[in-house]
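Below is one structure, written out as structure tokens, with a few remarks after it.
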Amino acid sequence: MRDAVKPLLITGGRVIDPASGADAVAEVLVRDGRIESIGTGLGASLAEELNEGKIDILDASGAIVAPGFIDIHVHLREPGIEHAETIESGARAAAAGGFTTICCMPNTVPVNDSASVTSYIVQRAREVAKVNVRPIGAITKGSLGEELSAIGSMKEAGIVAISDDGRPVMNARVMRRAMELARALDLTVIDHCEDLNLSAGGDMHEGAESVRLGLRGIPAASEDVMVARDLLLSELTGARFHVAHLSTQRSMAMVAFAKSRGLSVTCEVTPHHFAITDRELETYDSNYKMKPPLRCRHDADAVIEGIVSGVVDAIATDHAPHAGSEKMQEFERCPFGITGLETALGLSIDVLVHSGRITLMRLVELFTTGPASVLKMDCGTLAPGAPADITIFDLTTEWTYDVQQSFSKSRNSPFGGRRFRGGPLATIVGGEIVWKRE
Amino acid sequence: MPLTAARRAGLLDIESLGRDEIESILERAKFFQPLQNESYRRLDTLRGKMIVNLFYEASTRTRVSFEIAAKRLGADTVSIAAQGSSVSKGESLVDTLNTLVAMRPNAIVMRHAASGAPHFLARHLEIPIVNAGDGTHEHPTQALLDARTILDRGKSLDGIRVAIIGDIAHSRVARSNVHLLSRFNADIVLCGPPSLLPPELAQLAPGVRLSWDMEEAIRDADVIMMLRVQLERAHEAPMAAGEYFRFYGLRLEHLSLAKPDVIVMHPGPINRGRELSSDVADSQRSAILNQVENGVAVRMAVLERILA
């Protein structure tokens, strides 16, 4: 019913739009689900409508008005694992995190490896999701790494990329064929880069901490060798290749090198990989268990450097909900992954902006034009005529993350109880306010 | 007495213990050692207390000595082995724990194959937890009884030279011993084949060196601790079958490289002919049986400290 929503005038905010380079206090008028205009003094020309109450006003004074944030890496668990998350609950969590578009990974049950599963997700999202949900299709059938899935039909049904996230394609020949096909279909190939033989049995980053804690290690090399392989295959095939949740110093250096040579390579990083390190593991709290694992200080620093220098294209959450019972086990038996939609912006502001490492413009870019261009999606801009997906946030509101109140169906976040200064204030999708901080 | 970590939370690891605490446990353990031809002292310090021994992993020496220690202090004990209990029927750790807590024990002694399992417990329960060995992390009471054994042989822990040889990567005994010995500025050499000796071990505590060469490791050693190769924990063999004993098996002729009064220790169970030869195990230099004997005395000292 978004068409029936009243026009909305967002006033007093600092509008930052990386697509146009705009950064100034202005008003934003939203009508019929689209951005109608941006400027100063819009109120005067709308006086009549405003007087008659035909336009809603949202006061954004002191806040930043940005294009709707995009998270190109989430797990929504539907179909098949709805006790951990649904498209509806995941989308609510996204809205509360300031995201207006999320791209969901295909490791559902069944795996999104066919047009019928893709269509189900697209249809279901239309019915229940408060934000835009764009599915990512599996590279191989069942994500088993052997036979290519129905990538062409999935594209027609709405996928925006392909990935066997979490179960990386180990066979380089299969990956090569996937990249060739992806190039022809104009799709980005996203890889969760992990050599499963090197990482087998590991529960945390391999290093001094894993040795001290007696937990089996996942070496940085298990990520690096796959990044290297995929960069070579990307060069061989000419495919657009995107490194998911890049977490190591060497992988960052390799992506920087590939970019300097002009390859179509992009990468994303997660807030947890730049905000915390493997030192957190000493409590054996499984909320610190994810893949790639929390790395050591020099890796986290390299991730931040990559953000500052421009090598990193996007911040993505890898939001991976798990039901409480699955995380209430011995550390080595707990599944990998943490939720992240609701804390991503707060952590990014904290670590990157308050510290003075990046500008606000760069921050917004990492959540908007950056991820949009990775997948060649047409969102992430406030250009007149674009869908009215808008994120309003600030750098000053103090809030504490109460994980028990999360919109996600799962509670597996290591950031429960963390204090933040700055974060999302309101999320607008298609001209409708879908979430607002209380 | 100040409220120490050991008193509040039981005993999860050696790493968080200070030198004073270690010394006071070792001193108290001496008091509990049996006199010639007598059995362990019988006290009623812990009368009315109930201790649950929860063993998720097979153990003979450790389980039995914790049981004897508790009984000699007058506590009631219940021992639960993973086999034959609801644990083997797929009950989760947290459910087992909730069930046990409903039985209102005063402390839980836990052995578990997963590193950090007692820490998991300690985060969810109020009562003290004693770690009786967690995965490849720590085995604090083993290190304490090893230290007691070294002292009993007339050696001081200060600046002592100790070689720990074998599967260091998977050894909770090695980790606990390193932390303990390091508190006394010991010179510690960890030795084993590369896949069982991750380089980061050198950062475990001050005073640790690594070596792939056993002869170099035991040169001038006061103590040689041999470890079992834990095939069940390793992904692949560290070296070709048959080569292990040749390079890392302790034989009588090696002992001449160490100090004349060197003692040889092993946390057991020993594999004769795999990590040490039979004649070493049975030699005058072997303190393996003294270690077993000290198990009860040290665990009495630990339980008393936590519960009395």
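Taken together, the values in this text are just the output of simple stated rules run on the coordinates, not laboratory data. Keep in mind that this is a model prediction, so the values were computed, not measured. We place every Cβ from the backbone using ideal geometry, glycine too, and count neighbours over all the protein chains shown.
Here are some notes:
- Taking a ≥ b ≥ c as the square roots of the eigenvalues of the alpha carbon gyration tensor, the protein assembly as shown is prolate, as a/c is not under 1.5 and a/b beats b/c.
- Lysines with Cα under 21 Å of residue A:376, excluding same-chain neighbours fewer than 8 positions away: A:155, A:259
- Vicinal HN-Hα couplings computed from phi for segment A:426-431 (Karplus, 6.51 cos²θ - 1.76 cosθ + 1.60; Hz; Gly/Pro x): 7, 10, 10, 10, x, x
- Relative contact order of chain B, taken over Cα pairs closer than 8 Å and 6 or more residues apart, is 21 percent.
- Degrees between helix A:220-237 axis and first principal axis of chain A (Cα, 0 to 90, nearest 10): 70 degrees
- Among A:283, A:188, sorting on how many other beta-carbon atoms sit within 10 Å of each Cβ, with the fewest leading, yields A:283, A:188.
- Note on segment A:259-324 and segment B:192-222: Cα centroid distance 33 Å, given to the nearest whole angstrom.
- Residues whose amide H comes within less than 5 Å of that of residue A:35, counting only those at least five positions distant or on another chain, are A:385, A:386, A:388 (H built at 1.01 Å from N in the peptide plane).
- Cα gyration tensor shape of chain A, rounded if a/c is under 1.5, else prolate or oblate by comparing a/b with b/c: prolate
- Summarising the amide proton neighbourhood of residue B:286: residues at separation of 5 or more, or on other chains, whose placed amide H is nearer than 5 Å comprise B:264.
- Normalised contact order of chain A, rounded percent, pairs of Cα under 8 Å and 6 or more residues apart: 20 percent
- Spin-label model, residue A:32/residue A:395: points 7 Å from Cα along the beta carbon direction are separated by 3.8 nm.
- Axis angle, to the nearest 10 degrees, between helix B:93-102 and the longest C-alpha principal axis of chain B: 40 degrees.
- Between helix B:140-152 and chain B: long-axis angle, C-alpha atoms, 0 to 90°, nearest 10: 60 degrees
- Rounded FRET efficiency, nearest 0.05, which uses the C-beta distance separating residue B:236 from residue A:228 and R0 of 30 Å: 0.80
- Ranked A:399, A:435, criterion: other C-beta atoms within 10 Å, fewest first: A:399, A:435
- Theoretical FRET efficiency, 1/(1+(r/R0)^6), r = Cβ-Cβ of residue B:261 and residue B:103, R0 35 Å, to 0.05: 0.15
- Under Karplus coefficients 6.51, -1.76 and 1.60, residue-wise ³J(HN,Hα) of segment A:208-213 in Hz, glycine/proline x: 4, 5, 5, 5, 5, 7
- Shape category assigned to segment B:154-286 from the gyration tensor of Cα positions, a/c cut at 1.5: oblate
- Distance from the Cα centroid of segment B:228-305 to that of segment A:375-399 is 65 Å (rounded to whole angstrom).
- DSSP bridge analysis restricted to chain A gives an antiparallel fraction near 50%, rounded to the nearest 5.
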